[in-house]
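The values are calculated or read from the model by the stated rules, or taken from the named source; none is laboratory data. Everything quoted here is computed from the prediction, not taken from an experiment. Here the Cβ positions follow ideal geometry from the backbone for every residue, glycine too, while neighbour counts run over all protein chains shown.
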Ligand code: CMC
């Protein structure tokens, strides 16, 4: 590219590098050769995390070892627990939201990690496992502090018998989750685990590309994921549905929903959980999660089903009038809501999953690095003289 060439706004359509981790296109989403629907049906999150981090599907012994390592690393260092307690008032006052607290918690973990300054493949894998193991504990302990409850299993970071998904739910609520909640959470973690050069992963790669460390790169990635145009959309989508419900009342009248949406279109308001930079014919993940979330709603009762019906009306109008499909964050919002998960923890849960993809990308960047440094098209003032 010449020094004066320009690219599309937001780097749309630009291939910014190579990766062997994930392929995203209109027809499929593939993690290291495996299609997403195949993984959602047949794999567990732990298997998918191993696949992303190591490159191959684990055999039974490798999986057992990997699970044991995650379980052994779940408990948080004292300094992080102290920070979470200190963050309680910040969360209560609203100067911080859970994504901010998780970001700082991860940064402190970096300060304490004995491998923190080592970017070798071996150290990166060890750090990735520790981050993966500890993120649900940060989220769970934080929720207990928000709720004013005792921390759940602070010495062990949960129940060693529980899977990653089940333990995350247990740490947040103190209740052993039902099988359908565990399966749905597990699948949502699989769906969220990886998505090539999305904004947060690219952020992580840019940081790693300076030869900075994994915890720093993940801290930056969390900041990028928080925004409502990216991972924050799962919380924003649910808040939008609540707003529609408040404005139109408890009945799902199509006319009232249409009017609400027309008002949004007139003000150029973006509907959260819709649209995608790459997928223009639908997000491969959305239908999988919608089906599972709706099944939970159907087992729970008419109020929960009504939420999904409202979402389906919004989806239909969006498609008919704008030809825009829901992305994974739209069904995620409704699904986590009927599971009773507090809305501000939806994006932190996304982090607990996407950590697997981020860490794989950070290690890939370190292993074959070149500084990521594009050029800008200058649009400022012409050359002028500074006179004092
Ligand atoms: N609601 C209303 N209109 C939309 C939406 C939406 N959600 N998304 C796109 N459009 C319209 C947009 O206004 C534009 O119309 P026009 O050409 O008339 O100006 C057209 O579609 C193209 O949109 P764009 O903003 O140029 O598309 P983009 O590729 O820059 O943006 C996006 C992609 C995801 C940022 C955008 O669709 C959006 O803001 N969606 C809402 C936030 C969201 O759900 N984000 C989650 C993304 S996917 C999963 C993840 O990362 O977590």
Since residue 271 meets every condition but one in (1) in a helix (DSSP H, G or I); (2) within 8 Å of the ligand (Cβ to nearest atom), which condition does it not meet? (1)
Can you confirm whether residue 76 is in contact (Cβ under 8 Å) with a residue 40 or more places away in the chain and either outside the structural domain of residue 293 (by TED's automatic domain parsing) or assigned to a helix (DSSP H, G or I) (or both)? yes
List the number of the failed condition for residue 10; all other conditions in (1) at negative phi; (2) assigned to a helix (DSSP H, G or I) hold. (1)
Does at least one position in the range 169-185 carry a residue that is over 13 Å from the mean Cα position of the chain (by Cα), in a loop (DSSP other than H, G, I, E, B) and in contact (Cβ under 8 Å) with a residue 40 or more places away in the chain? no
For residue 23: the one exception among (1) assigned to a helix (DSSP H, G or I); (2) more than 16 Å from the ligand (Cβ to nearest atom); (3) not assigned by TED's automatic domain parsing to the domain that holds residue 186: (1)
Hand me the list of helices (runs of 4 or more DSSP H) wholly inside the range 278-357 holding 3 or more residues that are within 13 Å of the ligand (Cβ to nearest atom) and within 30 Å of residue 217 (Cβ to Cβ). 329-338
Exactly one of 206, 218, 257 is within 16 Å of the ligand (Cβ to nearest atom) and in contact (Cβ under 8 Å) with a residue 24 or more places away in the chain, and that residue is 257
So in the range 203-221, with the set limited to residues that are over 18 Å from the mean Cα position of the chain (by Cα) and assigned to a helix (DSSP H, G or I), which one is surrounded by the fewest Cβ atoms within 10 Å (Cβ to Cβ)? 209
May I ask you to say which residue of 196, 179 is in contact with a strand residue (DSSP E or B) (Cβ under 8 Å, 6 or more places away or on another chain) and farther than 22 Å from residue 109 by Cα? 196
Looking at the range 321-340, I want the residues that are at negative phi and have a partner that is more than 8 Å from the ligand (Cβ to nearest atom) and assigned to a loop (DSSP other than H, G, I, E, B) with Cβ atoms under 6 Å, at least 6 apart or on another chain. Which pairs are those? 325/282; 328/285
